[in-house]
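J.: Okay, handing you the structure first.
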Amino acid sequence: SSGINAEWPLRPGTIEVTICNKYGFLPVETEDRKDYTYLIKYQPNTTGIYTVDVLFDGKKVPGMPRRFEVISRTETKKAVPRISVKSAENEIHANEEVEFLVVYHTLNPVKFKIVNPVSNQIMKYKAKRHRDGTFSLFFEPPSPGEYSVKVYENGTLIGEKPYTFTVLEKREGFVSVNGPGISREIVAGKETRFTIDTKSSGPGVLEVMVRQNKVPLQVAVESKSEYIFDCKYIPISTKPVTVSVFFNKTALKESPWVVEVRGESMYSSWCDGLDSEHGSVISIPIVGRAAYCTSRVSKRD
C-alpha cells in the first residue's frame with residue numbers, strides 16, 4: 001500500500017479513472033465499494049509504459065497522473081533482487097552497522113539469509129519493507145571476511161547466485177551514524193530517528209545539531225548504552241533538514257547529512273500495487289493477466 005497526498009474532502013463523489021499506453025486507452029471497470037474505496041480493474045494488452053490518471057468530481061487528484069511499466073511473462077522469470085550498499089564510502093567494516101538497499105518487487109513474504117561462507121554461520125539482521133517495493137537490510141558484521149546475502153520468496157531461493165560482499169578490519173576511533181533520520185525521505189510533523197555508535201572511538205564529547213531552513217530543531221538524545229545513542233527529532237516543514245554530528249569538537253567525515261522532507265495532508269489516498277515514488281508497480285502487471293488496484297480515501301487523525 002503506497003500513499004498519495006490528496007486535498008479533496010472525505011465525502012461522496014464521482015471518481016473517473018483512465019489508463020492508457022502509447023496505442024490508446026484501455027477498458028477500465030470501476031467498482032464503488034460504498035466505504036470510500038474503489039476497486040479498479042484493467043487488463044494490460046502489451047508491454048511498455050502505461051499512464052493512469054484519476055479525477056474526483058472532475059478535479060485531478062494530487063500525485064496523478066502516475067506512470068508504470070508492464071513486463072512480459074518471460075521477464076518475470078528473470079527478475080532477481082538488486083542489492084546495493086548504502087554507504088558514502090562504499091566500504092563495510094567489522095563492528096559497524098551497514099544498510100543494504102534491496103530492490104525486489106513482490107507482495108509475497110520475503111526473508112533474507114546472511115551467511116559467513118567460511119564458518120557457514122547464519123548472521124542476525126534487521127529488515128524493513130518500504131512502500132516503494134524496496135527493503136532496507138541492516139547488518140553489523142562481527143568480524144572481517146567474505147559474506148553473502150540470499151533472498152527467499154515464500155521460502156524459495158530467488159536468483160542463482162547470492163550477493164557477496166567483503167567486510168574489512170574494524171576501524172579504531174570511528175563513529176558510525178545510521179537510521180532513517182539521515183538516510184531516507186522523512187515526513188513533516190512526524191518524528192524520525194537515527195542512532196550514533198561510538199564504541200570504536202572510546203570516551204569523548206558527542207555533539208548533535210539538526211537544522212531546518214537555518215533554524216535549529218529540538219533533538220532528543222537517549223543513551224541506549226555507554227556507546228550507543230538514539231536521536232529523535234521532528235521536521236516542522238517541507239524544507240530539507242541538515243544533520244551535523246561532532247565528536248571531540250570535530251565533524252564526522254560524512255557530516256552533515258541533508259535529508260529531504262515531504263508533506264502530508266489530513267486527507268490522503270492509497271493505491272495498492274502502485275509505487276508512490278517512482279511510478280513502477282509493486283505487484284508487476286503482466287500482459288494478458290487481469291490487474292487490479294484499490295484506492296481508499298481517509299481522513300488522518
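The values are calculated or read from the model by the stated rules, or taken from the named source; none is laboratory data. Only a predicted model underlies this, so the values are computations on that prediction, with no experimental measurement involved. All Cβ positions, even for glycine, are placed from backbone atoms using ideal geometry, and neighbour counts span all protein chains on display. For the accessible areas, the whole protein counts, side chains as well, though only heavy atoms, and no ligand, DNA or RNA atoms are used. Shrake-Rupley method; radii C 1.70, N 1.55, O 1.52, S 1.80 Å.
J.: What is the percent carbon and sulfur in the accessible area of the range 150-212, measuring with a 1.4 Å probe over the protein chains and ignoring ligands? Present the calculation step by step, with values, prior to reporting the outcome.
T.: Values: 1590 of 3310 Å².
C and S atoms contribute 48 percent here.
J.: Accessible area per residue for the range 150-219 in Å², computed with a 1.4 Å probe and the full protein assembly in place, what is it? If you can, show how the numbers build up before the last one.
T.: Values: 3980 Å² over 70 residues.
Roughly 57 Å² per residue, with all protein chains present.
J.: Next up: How much length is gained on full extension from Leu107 to Thr166, taking 0.36 nm per residue of separation minus their Cα-Cα distance?
T.: On the way: separation 59, 0.36 × 59 = 21.24 nm, distance 3.03 nm.
Contour length minus Cα-Cα distance gives 18.2 nm.
J.: Now for a separate question. If you project the alpha carbons of the range 93-174 onto their three principal axes, what span does each projection cover, largest first, in Å?
T.: On the principal axes, the range 93-174 reaches 41, 26, 17 Å in Cα extent.
J.: Please give, to one decimal in nm, the separation of the simple spin-label points placed at Lys41 and Met209, each 7 Å out from Cα toward the Cβ.
T.: Here the modelled spin labels are 6.0 nm apart.
J.: Moving to a separate point now. Starting from one equal scatterer on each C-alpha and no solvent at all, send me the Debye-based log10 I(q)/I(0) for the range 186-261 at q = 0.19 Å⁻¹, two decimals.
T.: Evaluating at q = 0.19 Å⁻¹ gives log10 I(q)/I(0) of -0.79.
J.: Ordered by packing density, taken as the mean number of other Cβ atoms within 10 Å over each peptide's residues, highest first, how do 160-168, 234-242 rank? Mind dumping the intermediate values first?
T.: Details: 160-168: 14.4, 234-242: 17.2.
Per-residue Cβ counts within 10 Å, averaged per peptide and sorted highest first, yield 234-242, 160-168.
J.: Once you place label points 7 Å from the Cα toward the Cβ at Glu69 and Leu157, how far apart are they in nm?
T.: Placing both labels 7 Å along Cα→Cβ, they lie 2.7 nm apart.
J.: Then there's this: If the cut-off is 18 Å between C-alpha atoms, which lysines fall inside it for Lys111, apart from same-chain ones fewer than 8 positions away?
T.: Straight-distance partners of Lys111: Lys124, Lys126, Lys128, Lys150, Lys161.
J.: Here's a follow-up. Mind giving me the nanometre distance, one decimal, between the label points for Gln121 and Ala220, set 7 Å out from Cα along Cα→Cβ?
T.: 3.6
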